[in-house]
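The values are calculated or read from the model by the stated rules, or taken from the named source; none is laboratory data. Quick caveat: nothing in here was measured; it's all calculated off a predicted structure. Don't worry about glycine lacking a Cβ; one is built from the backbone with ideal geometry, like all the others, and counts go over all protein chains shown. All accessible areas refer to the heavy atoms of the entire protein, side chains included, with ligands and DNA or RNA removed. Shrake-Rupley method; radii C 1.70, N 1.55, O 1.52, S 1.80 Å.
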Amino acid sequence: MPNLENLKKQAKQYLRWHRERYYPVAAQIRAVLPRFQHLDDTQILESSFKLNDAQELVARQLGFEGWQALKSGAHAMTTQTRQNTPRPILSSASAQLFVSDIKASCDFFVDKLGFAIDFVYGDPPFYGQIIRDKAQLALRLVCEPVFVDDIRQREHLLSASITVETASEIKRLFLDFQAA
């Protein structure tokens, strides 16, 4: 379980994304905060969104009613997480990764991170897909830099989302990947 300082940083990141009009954050806000459920992405990004809103978003994503409940219950969640550490199940992921070597990339994901090869296409291979649970990652061969200057950072082009069922699985997945 992330410590309170990391959760504060996460809340500030959501606030920053909202301020920068980063559209994927609008869907997260709508899904978690009831007062935003009736708004579309543009309306959410135009509405007032303060630090306490971002903190509530983080708390609700972790299963707490609000930030204060999270602060008082964070210790109990940490203790519970240590007692129950089953292998996390990825419930979804969708991303296309640009790689310079399909075989080496497949080997890394299979050997280090527990994925399986769904398919590899081409001779020599130039496209493939790896899977783990319900997560799918497409691998696309590129032989030269795809992005110039700072477009990658400005446009969040290499973002990916991996979903797990419970908060305890997030830490387990992080620790498994970190160890690998």
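Please determine whether any residue of the stretch 46-53 is hydroxyl-bearing (Ser, Thr, Tyr) and either within 18 Å of Ala167 (Cβ to Cβ) or at pLDDT below 90 (or both). Before you say what the answer is, go through the steps one by one.
The first filter runs over the stretch 46-53 and keeps only residues hydroxyl-bearing (Ser, Thr, Tyr), leaving 47-48.
Imposing the further condition that a residue be either within 18 Å of Ala167 (Cβ to Cβ) or at pLDDT below 90 (or both) reduces the set to none.
No, the conditions are met nowhere in the stretch 46-53.
Kindly provide the set of residues from the stretch 24-39 that are over 26 Å from Glu169 (Cα atoms) and surrounded by 12 or more Cβ atoms within 10 Å (Cβ to Cβ), ordered by number.
Phe36, Leu39
Among the numbered criteria (1) modelled with pLDDT of 75 or more; (2) touching a strand residue (DSSP E or B) at 6+ places or on another chain (Cβ under 8 Å); (3) part of a loop (DSSP other than H, G, I, E, B), which one does Leu139 miss?
Condition not satisfied by Leu139: (3).
How many residues are open to solvent by 60 Å² or more (accessible area, probe 1.4 Å) and of a type in the set (A, V, I, L, M, F, W, C) if we restrict to the stretch 40-50? Full working, then the answer.
Within the stretch 40-50, the subset open to solvent by 60 Å² or more (accessible area, probe 1.4 Å) is 40, 43, 46, 48, 50.
Filter once more, keeping what is of a type in the set (A, V, I, L, M, F, W, C): none.
The qualifying residues number 0.
Select from the stretch 44-57 the residues that are within 13 Å of Arg16 (Cβ to Cβ) and either among the β-branched types (Val, Ile, Thr) or touching a Ser or Thr at 6+ places or on another chain (Cβ under 8 Å) (or both) and list them in ascending order.
None - no residue of the stretch 44-57 is within 13 Å of Arg16 (Cβ to Cβ) and either among the β-branched types (Val, Ile, Thr) or touching a Ser or Thr at 6+ places or on another chain (Cβ under 8 Å) (or both), so the list stays empty.
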